[in-house]
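I have placed the structure first, in the form of structure tokens, so that the comments after it can refer back to it.
The values are calculated or read from the model by the stated rules, or taken from the named source; none is laboratory data. Note that the structure is predicted; figures quoted are calculated from it, not measured. Note that we place each Cβ from the backbone using ideal geometry, even for glycine, and neighbour counts take in every protein chain shown. Side chains included, ligands, DNA and RNA excluded: accessible areas come from the protein's heavy atoms. Shrake-Rupley method; radii C 1.70, N 1.55, O 1.52, S 1.80 Å.
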Amino acid sequence: MFVVTVLFEIKADHLKAFLPLLAENARRSRADEPRCKRFDICQHPDRPHQVFLYELYDDQVAFETHKSAAHYKDFSDATQPMVARKTVQTFALLGAKKG
């Protein structure tokens, strides 16, 4: 399994607009991409402008497919001006269980 983590730092005046767009991107990723197994959105309780994603894909190819999806491109284009910083890391999931 291929793990993707993303840490967004959102400009304070854009947070309310950013979160629904992110939620729709996550929903579409899970609904439209069978090789996307998980897409969690987390928000720091004391620093709400920090939003963390945990995404799980079958493999790196599935993640590359995600990045070429229309809904991802729409999200990325719409939110780019809202984001102060974005950090993406990828990992291999060790000891993953099926199902």
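In region 44-81, how many residues are polar (S, T, N, Q) and surrounded by 15 or more Cβ atoms within 10 Å (Cβ to Cβ)? Let's see the steps before the verdict.
Residues of region 44-81 that are polar (S, T, N, Q), as a first pass: 50, 60, 65, 68, 76, 79-80.
With the extra rule that they be surrounded by 15 or more Cβ atoms within 10 Å (Cβ to Cβ), the set shrinks to 50, 65, 79.
The number of residues fulfilling the criteria is 3.
Pick from P34, P48: which is over 14 Å from the mean Cα position of the chain (by Cα) and closer than 18 Å to E9 by Cβ? I'd like the intermediate steps shown before the answer.
Details: P34 fails: closer than 18 Å to E9 by Cβ.
Criteria check complete, one pass: P48.
Return the residue satisfying two criteria in turn: it lies in region 82-99 and is under 20 Å from R35 (Cβ atoms) and open to solvent by 90 Å² or more (accessible area, probe 1.4 Å), and of such residues it is nearest to the chain's Cα centre (by Cα).
Residue satisfying both the conditions and the ranking: Q89.
Report every pair of residues separated by at least 6 positions or lying on different chains whose Cβ atoms are under 7 Å apart, first residue within region 42-64 and touching a residue at least 40 places away in the same chain (Cβ under 8 Å), second of a type in the set (G, A, S).
Short answer, once both residue conditions are applied: H49/A12.
Taking the criterion of being open to solvent by 60 Å² or more (accessible area, probe 1.4 Å), charged (D, E, K, R) and on the phi < 0 side of the Ramachandran plot, would at least one residue in region 2-9 satisfy it?
Taking region 2-9 and keeping what is open to solvent by 60 Å² or more (accessible area, probe 1.4 Å), we get 7.
Applying the additional criterion that residues be charged (D, E, K, R) yields none.
Within region 2-9, not a single residue is open to solvent by 60 Å² or more (accessible area, probe 1.4 Å), charged (D, E, K, R) and on the phi < 0 side of the Ramachandran plot.
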